[in-house]
Structure formats: C-alpha cells, structure tokens
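Chemist: Handing you this structure, nothing more for now.
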Amino acid sequence: MTEPFCYRGRQLGAGEIELIQQLITDHPKASRRQLSVLLCQAWQWVQANGMWRDMVARGLLLQLHRAGRIVLPAQRFIPPNNAARHRPPELEKTVETSPLECSLKELGPLEIRQVRRCPEEGLCERLLQSYHYLRYRRPVGEHLKHLVYARGRPIAALAWSSAPRHLAGRDKFVGWPPEVRRRNLCGVAYQTRFLILPWVKVRHLASHLLGQMARRLSADWQALYGHPVYLLETFVDTERFAGTSYRAANWVYLGLTTGRGHNDHTNRPNRSLKALWVYPLQSDFRRRLCAPAHG
C-alpha cells in the first residue's frame, strides 16, 4: 500500500496524487508553472486575497516529482538568483540628521505612510539598513513597510511580514489546533523591524507609534492583500531591550524563546533569548483566528 504524502501539513492520498499525474498527462504542453495554476483551479486553492496559491502548488509538484510520485515535464525556465539580484540597499545619506529632542506634544503632528510598492519604499529600506542593529532583510510573503514623518522629515521606520508558522506561546494564546493555524495564519502580522532614528529623542514616542500602528495596520493589510489581520506579534531581544514601549502600549508578554534557532539540532541555546509580545486588534480575535474561514 502506498503511503500518504505530506506537504505543509496536508496529507495527500493515492487518489489525489493520481489526479495530479492525470492533470500532467492531460496537458502535455503545459509548463510547470502552468501546471501549478491548473492544480490550483482543480482544487480551488486560493489565497485569502483571492489569488491562486500557485507558488505553494509549484512547491508541492516539485516535492512529489523528487519523491518519484509524479513525473513533471522538463524545466523550461531557470529563475534568476534572488540573492544576487536583491542585494542589500545602500546606506542612507540624504536624510537630515540634526538632533530632534522635545516632548511628544512639542513634536507636533505625525504622518504615517504605508510605503510598500511606493517610491518611498527604498528610503525605508535604506534607513533600516543604515540604523537598525539587525540591518534590513528582504521579507518573504506578504509584508508592509511604514515611514513616520514629523516636521517634514522621517523620524521612524517599521516593517511587518507574514507570521512564523509555529510559535508555541502564540499558538497556545490563540488556542490554535495545527490545521486551523495553517489555514488562518494570514490573520497574524509579525513586526520584523521597529526603528526610531538615533538622533530623535522624544519620550513616549515608541509606545505612541505602536498604538497608532495598531489602529491602522489591519486596514493597510486589507488594502494591499485583500484581507485583514487580527493579531500583531514581535520578538524583543532581552540582551538589548526591556520591552518597556510594548508594555506601555498594552502589548501582552507571552514569555521567552528557548534561545535556539528553528533549524537547531543540538537542543542547546545558541543565541540570545527573545521575549514574545502580541497585541490583539479586536476583542474577538480568537473567534476570528479559529474560524473555518476568514470573513
């Protein structure tokens, strides 16, 4: 008896694999990319924004091919090396760096701009590369970037991305069974970077910005990706920061990481401990994140 095939938590039986091979046989001139779209259409496999999940389908087809369970047509196109094409951004040299030290009230109105797919996206990346201790790293999957302006100059930059697949503390907090988490993980946004430029010294600015972002991030996500988010999460390096701003902004502390990377095989700490913080955007976030489907 042929064993089921597991891909990203989905179990494929012999019948489903036979259907995929039949799809390939019925479309002998189709490329691998075209086959992935055909598979999405056959399974009605769509993202939360209504787009086909063809990249996931392509990965499934490739894994089945490598396992000898199906036979794909020869590869027609070799994609460019993304690591070589997407080099780190240049350091930022054009922004005003004169000291800005005042109270939050004296700072005046703040303007938060969502800059993903906008001309200012490059400036956001250069600021993070120049002044954030982790530098800039190009996200994978859905992601947003924000610049904050005051007095006509940028004072802060934030970056958000799709959430990690599995975080024990978060999953327990939400009450997620694995199959529901896989389906609804798009309802969580992960803050990858939060930078207040080093010459900006304004008390309570960080917690104020966290509050402002909590009020607008879901709408920004909806505008770009066609679905809302219901929970925010981030890690704080405990060797550098105490998490004071997150606590002041009413984020919820869920505990420390183990100090091991997700690819660790030693079961020993090999990096600094990170504090996991989350922020629910709606009072019924658990119901929405555990629902059969987003709506």
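Derivation of every value follows stated rules applied to the coordinates shown; laboratory data play no part. Since this is a predicted model, take the numbers as computed values, not measurements. Every residue, glycine among them, receives a Cβ derived from its backbone with ideal geometry; neighbour counts consider all protein chains shown.
Chemist: Quick one: which residues, 5+ away or cross-chain, put their amide H under 5 Å from the amide H of I155? H built at 1.01 Å from N.
Modeler: Distant-sequence amide H within range of I155: V148, Y149, A150.
Chemist: Treating only the Cβ atoms of Lys and Arg (+1) and Asp and Glu (-1) as charged, compute the dipole magnitude of the stretch 5-66 about its Cα centre; round to the nearest 20 debye. Don't skip to the answer; put the middle values down first.
Modeler: Details: 8 positive and 4 negative charges, 57 e Å.
Its charge dipole is roughly 280 debye.
Chemist: So what's the angle, to the nearest 10 degrees on a 0 to 90 scale, between helix 32-43 and the longest Cα principal axis of the chain?
Modeler: So the helix axis and the longest Cα principal axis differ by about 90 degrees.
Chemist: Treating only the Cβ of Lys, Arg, Asp and Glu as charged (+1, +1, -1, -1), what charge dipole size does the chain show about its Cα centre? Round to the nearest 20 debye. Mind showing how you got there, number by number?
Modeler: Values: 44 positive and 23 negative charges, 55 e Å.
That gives the chain a dipole magnitude of about 260 debye.
Chemist: Which residues make up the longest stretch of the chain clear of chymotrypsin sites (Phe, Trp or Tyr not before Pro) that lie in a DSSP loop with no more than 10 other Cβ atoms within 10 Å, not counting the sites? Mind dumping the intermediate values first?
Modeler: Working: sites that count: F77, Y133.
Counting only loop sites that pass the neighbour cut-off, the longest clear stretch is 134-295.
Chemist: Going by the alpha-carbon gyration tensor, a ≥ b ≥ c the square roots of its eigenvalues, is the stretch 161-290 rounded (a/c under 1.5) or, if a/c is not under 1.5, prolate (a/b greater than b/c) versus oblate? Intermediate results must be reported in sequence, preceding the final value.
Modeler: Details: a/c = 1.84, a/b = 1.03, b/c = 1.78.
Oblate shape, in that a/c is at least 1.5 and b/c is the bigger or equal ratio.
Chemist: Sticking with this structure for a sec: Using a Förster radius of 30 Å, what is the FRET efficiency between R182 and L273 based on their Cβ-Cβ separation? Nearest 0.05, please. Kindly include the intermediate steps, with their values, before the conclusion.
Modeler: Numbers: r = 27 Å, r/R0 = 0.90.
Computed FRET efficiency for R182 and L273 comes out at 0.65.
Chemist: Tell me, what is the percent relative contact order of the chain, built from C-alpha pairs under 8 Å that lie six or more residues apart?
Modeler: Values: 416 pairs, mean separation 41.7, N = 295.
Dividing the mean separation by the residue count of the chain yields 14 percent.
Chemist: Write down Rg/Rh for the stretch 113-224, rounded to two decimals, with Rg from the C-alpha atoms and Rh from the Kirkwood relation over Cα pairs. Please report the intermediate quantities before stating the final value.
Modeler: Numbers: Rg = 15.2 Å, Rh = 15.2 Å.
Checking Rg against Rh, the ratio lands at 1.00.
Chemist: Something else now. Return the sequence-ordered ³J(HN,Hα) values of the stretch 147-155 in whole Hz as given by the Karplus equation 6.51 cos²θ - 1.76 cosθ + 1.60 applied to θ = phi - 60°, using x for Gly and Pro.
Modeler: Once rounded to whole Hz, the list reads 10, 10, 10, 8, 6, x, 9, x, 10.
Chemist: Moving on. Give the Cα extents of the chain along the principal axes, in whole Å, largest first.
Modeler: That gives 70, 42, 40 Å along the principal axes, largest extent first.
Chemist: Loop by DSSP (not H, G, I, E, B), at most 15 other beta-carbon atoms within 10 Å: where is the longest site-free stretch of the chain for GluC sites (Glu not before Pro)? List each step's numbers first, then the result.
Modeler: Numbers: sites that count: E90, E96, E239.
Longest site-free region, per DSSP loop and neighbour criteria: 97-238.
Chemist: Still on this model: Classify the stretch 5-66 as rounded, prolate or oblate, taking a ≥ b ≥ c as the square roots of the eigenvalues of its Cα gyration tensor: rounded when a/c is under 1.5, otherwise prolate if a/b is larger than b/c and oblate if not.
Modeler: Values: a/c = 1.59, a/b = 1.08, b/c = 1.47.
In terms of gyration-tensor shape, oblate.
Chemist: Evaluate the relative contact order of the stretch 104-152 (contact order divided by residue number), counting alpha-carbon pairs under 8 angstrom at least 6 apart; express in whole percent. The partial results should precede the final answer.
Modeler: Values: 43 pairs, mean separation 29.0, N = 49.
Once normalised by length, the contact order is 59 percent.
Chemist: Among all stretches of the chain without exposed trypsin sites (Lys or Arg not before Pro) (DSSP loop, at most 10 other Cβ atoms within 10 Å), which one is longest?
Modeler: The longest uninterrupted stretch comes out as 118-239.
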